[in-house]
Amino acid sequence: MRRSRSAVLAFSIASLFLLGLPGSVYADTVIRSETVDLLPEGTFGNAAAWNLNSWEGYSEGDPAQFTSGMVADGHLSFTHVRPEHFTEGTGWALYSPTDSNMSLGVPDGGYTWSKGPTIELENFDSTAFFGSDIINVSLLFAFAVPDALGDDEVRFQISWGSNLQLVRSFAHTQAPIDNMQGNSLVISLDTYNNWTWSDLSDLTVTIDYVSVGGIDDSEVQVDAVGLRVKERSPWSGFENSKALHSTPMEMAPFFDFDIASGSLSGLLITSCGLELGASGNPGGWVSEAVELPHDQFWGRFHQYGNASASVKIQSSEDGVSWSSGVTINDAESVTAGTFVRLDIAIFGGCLAGARIDLNDPTMTITGSVSGSTADLVGNISVVKFALGGDLVATTPISLGSFSLSVPVGRYLPPAGESLDIGVSTRFQWSSLGEPEVVVVMVEDILLSGGFVVDWDRDPSCENPGTIYLQEDLIGDIVPIRSTCSDDITDVDQLSVSAISQAPDLVAVSIDDGRVVVSQLSEQSGVAPIDIVVTDQRGNAWTTTFDVVVSSVDDAPTHAQLPQQVLVAVGESLTIELEIADVDSSIDDLIISTDISWATIDANNNLVLAPTSVGSFDITITISDGTNVVTESLSVLATSDPDLVIESVEVEGEVAGQIERGQVTSIKVWVRNDGLSTASLVTVRCYDGQTLINTSVPIPVIEAGGLHAATCVWLVPAAVGDVSLRVYVDPTYDILEVSETNNEYHSTIEVISVDAGAGDSGSGDSGGVKAPSKSMVYVFAAVIGLGAIIAMQLGPGRIRRQI
């Protein structure tokens with residue numbers, strides 16, 4: 001039957017130290033005994049289990065350029081890809097067959113000039129080069145031609161052996177040439193020859209000024225000529241790469257003897273270990289006895305510290321009768337019966353510890369090296385394997401396969417501690433610049449010696465201990481089955497049951513092997529919980545743990561607030577907070593805000609009435625005296641224009657009366673009481689329901705501003721009362737704070753003035769004075785203009801609702 005590996009290992013670790021006293025009899029039955037790989041990740045199936053790092057030189061902070069490590073496809077590899085190495089040097093001409101000595105060496109401002117005779121330069125400084133493989137060649141000319149060239153010509157030629165090549169010429173230039181200011185002319189020579197160092201040593205450069213006609217156009221001035229060569233160059237260095245894996249040591253195939261146990265004679269237990277006392281030379285120690293686990297074999301003996309000692313292994317088959325002992329040295333194999341103990345005589349120094357491993361734990365490593373290693377330094381370029389802080393194996397990076405097998409029982413950590421495995425490579429090269437690729441492949445690392453032994457025992461689980469909860473929470477989930485192990489039954493098949501001894505306080509149920517503790521509302525106290533875990537054969541593990549529920553003064557609660565609200569200045573917005581507190585009276589709560597215009601009303605709701613435009617963050621604080629709850633929201637306060645008719649002036653009106661039939665004007669004063677600007681403000685004037693005139697729009701009225709608009713009015717000819725109505729923004733084009741204050745009403749009496757009263761010469765004394773011809777023209781023009789404006793304005797827009 002399959003059983004969990006963790007349960008087997010947990011049992012194995014504990015069982016290593018179970019010893020029978022003389023005459024003891026064990027009824028446990030071994031069901032299964034198998035070996036265990038102590039390093040499962042040594043097959044490199046899980047790349048995430050290994051941490052890799054590559055660096056240059058001695059500091060791990062300097063990333064490697066050519067070396068990388070990788071875990072993939074079931075193996076660990078370290079790849080070193082080193083490219084070709086190049087250097088570029090410039091050697092300047094050191095000799096002139098034409099004695100043009102001012103042109104020798106590096107550019108320095110001094111020059112040789114010529115209007116005809118050639119300038120020849122050669123013998124380029126070879127100390128600037130390594131003399132290895134040539135990649136490319138070019139010439140550098142520091143020269144000048146101070147005047148523009150017409151028919152004259154400047155030629156640059158090279159010669160070597162019997163070869164002659166023109167590499168560049170200048171003629172018919174439009175301006176002077178100046179390459180003597182650190183901007184030397186570079187001419188590649190790669191197309192003329194497959195250059196060798198012999199060719200370059202024979203290279204001669206000729207600068208020739210060719211005159212045409214009797215008068216020279218200019219001259220050539222040569223400061224220096226250099227030979228630039230890019231070549232493969234020697235170099236050296238080293239890079240490192242390592243892979244680390246850490247995992248808990250699930251089982252320890254060894255016995256570490258307790259130096260504080262057993263029988264001591266003439267020895268003292270110190271911070272170091274066992275040391276000679278005043279009366280002891282030698283001092284003696286006989287350790288406790290250990291028993292060989294079922295189906296295992298004794299490995300090696302390991303001694304720690306600097307003690308000068310004689311060690312004997314005493315053996316017994318029953319733990320009662322012991323042999324006189326066999327002398328053994330550090331790291332030697334142990335040959336003994338079922339029980340062993342140590343008999344050690346210490347002559348000096350300190351014995352820090354002693355160990356006997358089981359099954360001779362061995363690290364076995366297989367791998368290979370491929371590629372090219374010609375330029376690697378053989379005695380320094382190595383692969384190293386470490387366990388913990390100890391180097392256990394080293395192999396050189398040389399082509400071919402490698403296999404290592406190293407006993408490592410001495411270096412294994414105790415069970416539960418971290419097992420750290422490290423693999424590192426060092427690629428040290430000394431190269432002439434050739435590229436090189438080498439791959440170190442580690443196929444697997446096996447760590448033997450581990451084992452499992454199955455026994456038929458009760459389940460074993462971790463005691464959950466006391467659970468502490470607070471009132472009004474939902475409870476807790478206590479893992480039980482996941483903490484258990486069983487020697488036969490799979491953990492998933494273990495049965496878990498639970499009973500609460502205080503069901504009025506907490507209720508318990510089982511969910512996938514976990515105890516779900518559910519609290520009852522507004523309850524506190526202590527509830528013992530009984531747990532029973534059984535395996536498939538009925539073996540049981542039981543425990544009882546307490547659930548302690550402490551009382552809590554609950555904090556006030558409130559409704560979820562919006563993150564942001566929009567409120568117009570001059571208006572208010574009420575937000576229901578829905579505040580409640582199960583442990584306090586609502587009247588005892590203190591509710592406040594940090595802005596004066598954000599208030600709390602009698603129903604504990606939030607009232608927002610901003611007084612200015614802007615964005616405000618408001619914090620609401622609710623306190624019951626013990627708990628303080630804070631909540632925040634953002635208020636975006638906005639404002640629109642607010643147009644009002646402040647006054648209306650009618651030209652010719654006296655005491656509410658106006659003469660009939662005349663053309664006059666109605667001046668309307670409009671004020672913006674809002675906090676934002678209004679644009680294109682229109683005013684319309686009416687006689688009752690009849691449109692009198694529409695004013696020319698006021699372009700802009702700033703916040704708080706006052707502007708006038710004018711309506712032209714032909715006063716009716718008939719006497720009587722006129723209902724004068726004036727509207728600002730009559731078509732609601734402007735979004736305002738209030739649309740109810742845009743209208744003005746008044747009544748004006750139209751009267752008749754007796755122009756000829758008392759004048760006997762008038763033949764029309766009782767009639768209406770006719771308007772002049774010019775007045776009629778003006779009135780007609782106004783009526784036409786009003787019609788055009790009315791057609792342009794058209795029907796009013798649909799008013800926006802907010």
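Phi angles across the range 447-459 convert, under the Karplus curve 6.51 cos²θ - 1.76 cosθ + 1.60 with θ = phi - 60°, into 3J(HN,Hα) values of 10, 8, x, x, 7, 10, 10, 8, 10, 8, 10, 5, x Hz, Gly and Pro given as x.
Summing charges over neighbours of I480, with a neighbour being any other residue whose Cβ is under 11 Å away from its Cβ, gives -1 when K and R count +1 and D and E count -1. Within the chain, the longest run free of GluC sites (Glu not before Pro) that sit in a DSSP loop with at most 16 other Cβ atoms within 10 Å is 85-287.
From the Kirkwood radius over Cα pairs of the chain, Stokes-Einstein at 25 °C and 0.890 mPa s returns a whole-number translational diffusion coefficient of 60 µm²/s. Partners of K115 within straight-line reach, counting aspartates and glutamates whose Cα lies under 16 Å from its Cα and excluding those fewer than 8 residues away in the same chain: D99, D147, D151, D152, E153, D208, D216, D217, E219, D223. If you plug the beta carbon distance of D444 and S418 into 1/(1 + (r/R0)^6) with R0 = 22 Å, you get a FRET efficiency near 0.55.
Before rounding to the nearest 500, sum -39500 (n - 2.57) across all DSSP H runs of length at least 4 in the chain and divide by the residue total; then give [θ] at 222 nm in deg cm²/dmol. Roughly -1500 deg cm²/dmol at 222 nm, from the helical runs in the chain. With all pairs of different C-alpha atoms in the average, the Kirkwood value for the hydrodynamic radius of the range 442-600 is 20.6 Å. Kirkwood radius for the range 272-412, taken over all pairs of different Cα atoms as the inverse mean of 1/r, rounds to 17.8 Å. Note on surface exposure: D492, D147 rank D492, D147 by accessible area, highest first, 1.4 Å probe. Site pair Q174 and T677 shows an inter-label distance of 5.4 nm when each label is modelled 7 Å from Cα along Cα→Cβ. Expressed as a whole percent, the accessible area of the chain that falls on carbon and sulfur atoms is 50 (1.4 Å probe).
Count Lys and Arg as plus one, Asp and Glu as minus one, and take only other residues whose Cβ is under 11 Å from that of G45; the net charge is then -3.
Heavy-atom accessible area, probed at 1.4 angstrom with all protein chains present, ranks M102, M363 as M102, M363, highest first. For D151, project a label point 7 Å along Cα to C-beta. Then give me every residue of the range 203-236 with its amide nitrogen under 18 Å of that point. Under cut-off, by backbone N: 209-219.
With R₀ set to 41 Å, the beta-carbon distance separating S615 from V582 gives a calculated FRET efficiency near 0.70. With the simple model of a label 7 Å out from the Cα in the direction of the Cβ, I31 to S188 spans 7.9 nm.
Across the protein chains, with a 1.4 Å probe defining accessible surface, the residues V629, V635 rank V629, V635 from largest area downward. Taking 17 Å as the cut-off, the amide N atoms of the range 582-614 that come nearer than this to a point 7 Å along the Cα-to-beta-carbon line of T630 belong to 590-596. Across the range 670-682, coupling constants 3J(HN,Hα) worked out from phi with the 6.51/-1.76/1.60 Karplus curve, θ = phi - 60°, read 10, 10, 9, 7, x, 9, 9, 6, 10, 10, 6, 8, 10 Hz, and Gly and Pro carry x. For the range 327-390, applying the loop criterion from DSSP together with a ceiling of 15 other beta carbons within 10 Å to the chymotrypsin sites (Phe, Trp or Tyr not before Pro) yields no site. Rolled with a 1.4 Å probe across the full set of protein chains, the surface gives L399 an accessible area near 100 Å². Could you calculate the FRET efficiency of L244 with L473 from 1/(1 + (r/R0)^6), where r is the beta carbon distance between them and R0 is 51 Å, rounded to 0.05? After rounding, the FRET efficiency stands at 0.75.
Counted over the range 32-75 with a bin width of 5 Å, the fraction of Cα pairs per bin, in whole percents, is 5, 19, 18, 14, 15, 14, 6, 3, 3, 2, 1. Taken along its principal axes, the alpha carbon cloud of the range 284-360 reaches lengths of 36, 26, 17 Å, longest axis first. Heavy-atom accessible surface of the range 395-497, averaged per residue, reaches 42 Å², computed with a 1.4 Å probe. Helix 773-793 and the longest principal axis of the Cα set of the chain meet at an angle near 20°.
For E436, the residues whose modelled amide H falls within less than 5 Å of its own, excluding neighbours fewer than 5 places apart on the same chain, are R82.
Within the same chain, aspartates and glutamates fewer than 8 places from K384 are excluded, and of the rest, none has a Cα less than 12 Å from its Cα.
Applying both filters, DSSP loop and at most 15 other Cβ atoms within 10 Å, to the trypsin sites (Lys or Arg not before Pro) of the range 101-196 gives K115. Between S495 and E288, the modelled label-to-label distance comes to 3.8 nm, taking each label 7 Å out from Cα in the direction of the beta carbon.
The values are calculated or read from the model by the stated rules, or taken from the named source; none is laboratory data. Note that the coordinates shown come from a computational prediction; the quantities given were computed from them, not determined experimentally. Because the Cβ atoms are built from the backbone with ideal geometry, glycine has one as well, and the counts that use them run over all protein chains shown. Just so you know, the surface numbers come from the protein's heavy atoms only, side chains and all, with ligands and any DNA or RNA stripped out. Shrake-Rupley method; radii C 1.70, N 1.55, O 1.52, S 1.80 Å.
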